[in-house]
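Engineer: The following block contains the structure, expressed as structure tokens.
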């Protein structure tokens, strides 16, 4: 197979049904199916390109106005990482074998983090009564992430009216050195204020306290973010492996914020779906050979907001752009549409849901192929590596031979 462009688009959180283990590990996700339940809420939803690519094939049934396509090239995958998380999901896609981080509320570390920040001459307050979060230099909140798996992620939330992103990042890096939880997210916006951040304080399950990110207004203007991960070795991931072979790697959207890509091109701090796809189309035009990975985050944000109509609107925009991308591809190119977990907006909570994800594949001239039910999303990364004839990432089994 001659090398060309290998493109992976992650529709963040677009799961196709809860995994078998949720009754034991995540009972709150029992019954979750992001794909089906959005259609239940929006019966008129029709995603023509995703339908052609085999979305209903991966789902396993005709549903709503969308049907199984007998010509589709498709499969689906379980999540190997613990829980259901964007950061770990993308590391898994890139070929990382997931390790289990510590799961604990921020209260487990609050005193240690407090002391470390005070030692570095930051002004630090504990806000709250029974449950507390940290308030640093009168503009930065540190507490539990309330949108993903509770206890796995801590947020450092700031208003850029009072501090620069670079200065906030220094605070986040101090937190990262101390905690062993899976992720520390450092982010903020220019529209957010001291008042909007404090007003977005929420508590959950009597153990977790933090800032509700969508309500804090950080996403509304001037948004910047960095995800500081735990237990990740970039040397074993597809972007670094390809970069060492001088194969272009382009990351667009949230994937650029969370995946190491030192030798490639990164389009970071992007949320708007139209902007992300416009950049992607432009980069495809410039590229003859290389790897592009794109994350569409607004689907996930709609899931967190428990807003199926907004989710459907983002899917329709994405579906139209996917059609435009397909028009640009030749016989050597491969396109994969997938997700990184679920986020069922109807399940009754605002966290991610542990779901299987679709693997929808386009290769010009290839029809009627089922790559099966994969055990890890790392199979995508392994397929990318084999396609470009490089060494394998540390995890995953390629399905490239099935596509020939």
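The values are calculated or read from the model by the stated rules, or taken from the named source; none is laboratory data. Source: prediction; values computed, not measured. Here the Cβ is made from the backbone with ideal geometry for all residues, glycine too, and neighbour counts use every protein chain on show.
Engineer: Can we say residue 368 is assigned by TED's automatic domain parsing to the domain that holds residue 35, surrounded by fewer than 21 Cβ atoms within 10 Å (Cβ to Cβ), at positive phi and touching a residue at least 40 places away in the same chain (Cβ under 8 Å)?
Structural biologist: yes
Engineer: Which residue is surrounded by the fewest Cβ atoms within 10 Å (Cβ to Cβ), if the candidates are limited to region 269-290 and must be in contact (Cβ under 8 Å) with a residue 40 or more places away in the chain and not in a helix (DSSP H, G or I)?
Structural biologist: The selected residue is 288.
Engineer: Name every residue in region 176-210 that is closer than 15 Å to residue 163 by Cβ and surrounded by 19 or more Cβ atoms within 10 Å (Cβ to Cβ), in order of residue number.
Structural biologist: Listed by number, the residues that qualify are 186, 187, 188, 189, 192, 197.
Engineer: Among the residues of region 24-39, what is the count of those that are exposed (fewer than 14 other Cβ atoms within 10 Å of the Cβ) and in a helix (DSSP H, G or I)?
Structural biologist: 4
Engineer: For region 44-87, what are the residues that are closer than 19 Å to residue 324 by Cβ and assigned to a helix (DSSP H, G or I)?
Structural biologist: Answer for region 44-87, where residues must be closer than 19 Å to residue 324 by Cβ and assigned to a helix (DSSP H, G or I): 48, 49, 50, 51, 52, 53, 55.
Engineer: Here's another thing I want to ask about it. Hey, among the residues in region 224-258 that are part of a loop (DSSP other than H, G, I, E, B) and at pLDDT 95 or above, which one's surrounded by the fewest Cβ atoms within 10 Å (Cβ to Cβ)? Give the derivation first.
Structural biologist: Residues of region 224-258 that are part of a loop (DSSP other than H, G, I, E, B), as a first pass: 230-233, 237, 245-248, 253.
Then drop every residue that is not at pLDDT 95 or above, which leaves 237, 245-248, 253.
On the way: 237: 27, 245: 12, 246: 8, 247: 21, 248: 18, 253: 29.
Looking at the filtered set, the residue picked out is 246.
Engineer: Oh, and also: Within region 50-81, can you find the residues that are closer than 21 Å to residue 352 by Cβ and without any contact (Cβ under 8 Å) to a residue 60 or more places away in the chain? Talk me through it step by step, then tell me what you get.
Structural biologist: Here is the first cut: in region 50-81, the ones closer than 21 Å to residue 352 by Cβ are 50, 55, 58-59, 76-81.
Answer for region 50-81, where residues must be closer than 21 Å to residue 352 by Cβ and without any contact (Cβ under 8 Å) to a residue 60 or more places away in the chain: just 81.
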